[in-house]
Amino acid sequence: MKKVGIVMGSDSDLPIVKKATDMLRSLDIPFEVHVYSAHRTPDEARDFARRARENGFGVMIAAAGMAAHLAGAVAANTTLPVIGIPCQGPQLDGLDALLSTVQMPTGIPVATVAVNGGGNAALLAAQILAVEDAALAERLNAKRAADAAAVLAKDADIASRL
Ligand code: RP5
């Protein structure tokens, strides 16, 4: 199976990235994680993206906060699909990172998930890989069914809590 390549701009983004790695692990999807910054280590971020396809990656996830240019910088250097996670920083509630990640120019797309949306980033990566992987698609179907059953259990219980 193709791997998911994950980069974060700082180790301070780790709690958000952990949501993604936990989800990937639960779906038996291999991944590799790095701390590469678009601003502090631009050469390493660029090289990882440029070699990603030949190194066996199928999707990239980039998590960054504040002036969050990492997902765009990765996307500029690969034609693999890139998923951006805007991470909430100390100011502006993550709106800075959201706009920096989502507002990409035509030609260099970044599929941007919600602020701090590590879980959905992993699920979107899984769904991309599942286009060509029937066994993974089955695992995703099973997760959807389990999630729905959990909601219906809450529905059955809600009246007793009022
Ligand atoms: C961004 O700046 C990182 O992705 C992080 O979210 C933010 C702050 O980084 P640190 O100062 O915590 O290393 O590049």
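The table that follows gives values for the structure above.
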quantity: Filter result (on the phi > 0 side of the Ramachandran plot and polar (S, T, N, Q)) within segment 77-127; calculated: 116
quantity: All positions within segment 76-88 that are surrounded by fewer than 24 Cβ atoms within 10 Å (Cβ to Cβ) and closer than 16 Å to residue 113 by Cα; calculated: 81, 88
quantity: Residue 60 vs. criteria farther than 21 Å from residue 108 by Cβ and touching a helix residue (DSSP H, G or I) at 6+ places or on another chain (Cβ under 6 Å); calculated: no
quantity: Hey, residue 105 more than 21 Å from residue 32 (Cβ to Cβ) and either β-branched (Val, Ile, Thr) or surrounded by fewer than 22 Cβ atoms within 10 Å (Cβ to Cβ) (or both) or not; calculated: yes
quantity: Among residues of segment 22-68, those that are surrounded by fewer than 19 Cβ atoms within 10 Å (Cβ to Cβ), within 13 Å of the chain's Cα centre (by Cα) and under 23 Å from residue 93 (Cα atoms), counted; calculated: 0
quantity: Qualifying residue in segment 15-24 (condition: in contact with a strand residue (DSSP E or B) (Cβ under 8 Å, 6 or more places away or on another chain) and within 12 Å of the ligand (Cβ to nearest atom)); calculated: yes
quantity: Test result for residue 133, at pLDDT 95 or above and farther than 28 Å from residue 53 by Cβ; calculated: no
quantity: Checklist (1) more than 16 Å from the ligand (Cβ to nearest atom); (2) surrounded by 13 or more Cβ atoms within 10 Å (Cβ to Cβ) applied to residue 159, failing item; calculated: (2)
quantity: Test result for residue 9, more than 27 Å from residue 139 (Cβ to Cβ) and within 10 Å of the ligand (Cβ to nearest atom); calculated: yes
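The values are calculated or read from the model by the stated rules, or taken from the named source; none is laboratory data. Everything numeric here is computed off the predicted structure, so don't read it as measured data. Note: ideal-geometry Cβ built from the backbone for every residue, glycine included; neighbour counts use all protein chains shown.
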